[in-house]
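Working notes, structure below.
The values are calculated or read from the model by the stated rules, or taken from the named source; none is laboratory data. The model shown is predicted, which means the values in this text are computed figures rather than measured ones. FYI the Cβ positions are ideal-geometry reconstructions off the backbone, even for glycines, and counts take in every protein chain you see.
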Amino acid sequence: MADDHGWNDVDWHDPAMDTPNLNELAHSKHTVQLENAYVNQCCTPTRSALLSGYYPMHLGTQ
């Protein structure tokens, strides 16, 4: 998991980037690439959900 990783921060979306390890992982036969993701405006609810596995409303971070 990367913090503040944007859609265009990998070499298969932006040729100017050099991410050979991520490229290898992304194009493995056991990988699923999800093209759409939605997060909150501020990072606290998303981080708390990712790190805990709970919805932000259950943690009081919404």
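The residues of the range 39-62 that are part of a helix (DSSP H, G or I) and surrounded by 11 or more Cβ atoms within 10 Å (Cβ to Cβ), listed by number, are CYS43, THR44, PRO45, THR46, ARG47, SER48, ALA49, LEU50, SER52, PRO56, HIS58, LEU59.
Would you confirm whether or not the range 36-45 contains a residue that is farther than 30 Å from THR61 by Cα and at pLDDT 80 or above? No.
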